[in-house]
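Derivation of every value follows stated rules applied to the coordinates shown; laboratory data play no part. All of these numbers come straight from a predicted model, not from anything done at the bench. Cβ coordinates were reconstructed from backbone atoms using ideal geometry, including for glycine residues, and neighbour counts include every protein chain displayed.
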Amino acid sequence: MSEPNDVAFVVLQGDPATSKSRLSSVLSSPQRTALTRFCLHRITTLVNQNSLYLLAENQQAADEGHRFAITSILQEGDDLNAALRSFINSPALQGYRCVTILPNDLPFLATLEPYTLRPTQAVCFITPDSHLSGTNLLRIPTAAQDPIFAYGQNSFLHHAQGARARGLDVEVTPCPRALDIDTPDDLILAQETFPDSELWELL
């Protein structure tokens, strides 16, 4: 049974055969799968696996979680945001006060503080992507009424607006090394920023 102060972590995992399609011009399908597995492994070193969940687009995505003994939940339907709203109210998360959501494309994370700190019922933490448009990490109270999820274009702005509309304070929260890899330009930036990462030996 989870302690009432726990924070759950939910990793968003697409189908490894089709996700990260914008990288297909620079990374092969096996390389993109290797990137997925590297990111999952990194997360398991930062978070207690008893509080770690993988929201999987399909069974192939769930199998990636199973490789690392991560509790994998199949996404309901094609709408990620609707699936997240359903999942946050599921029995699996009832013992948690907050949930942190992160996509599986952050291979350089060294810490998840302050996302692991004691939860508060009144604050939403958000870490934007390197373009200040997407959302790399999002933490909301599980008790938030009708929680908004707005993954997609300009999600950072929409998440902040939605949280404030629901009476939550919003803290834009720096997270060291939370550099996502979503496009070829992101890959170039990552290689320049973290040239000594062991990831490059796998790609």
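Based on Cα contacts under 8 Å between residues 6+ apart, region 60-144 shows a relative contact order of 28 percent. By the count of other C-beta atoms within 10 Å, a proxy for reagent exposure, T100, T71 are ordered fewest to most as T71, T100. Taking 0.36 nm per residue of sequence separation and removing the Cα-Cα distance, the S25/R164 pair yields an extension gain of 46.2 nm.
Of the residues E171, E64, E57, E198, the one with the fewest other Cβ atoms within 10 Å heads the list, and the complete ranking is E198, E171, E57, E64.
Across q = 0.11 Å⁻¹, the chain modelled as identical point scatterers on its alpha-carbon atoms has Debye log10 I(q)/I(0) values of -0.47, in the order of the q list. Rounded to 0.05, the FRET efficiency of the N154 and E76 pair, given R0 = 25 Å and the Cβ-Cβ distance, is 0.55. Normalised by 2.2 N^0.38 Å, where N counts its residues, the alpha-carbon radius of gyration of region 122-203 equals 1.28. Amide H contacts for C124 (H built 1.01 Å from N in the peptide plane; partners 5 or more residues away or on another chain; cut-off under 5 Å): D169, V170, E171. Here the residues R139, R164, ranked from fewest to most Cβ neighbours within 10 Å of their Cβ, fall in the order R164, R139.
A full extension of the chain between L46 and R67 corresponds to an added length of 5.9 nm, given 0.36 nm per residue minus the alpha carbon distance.
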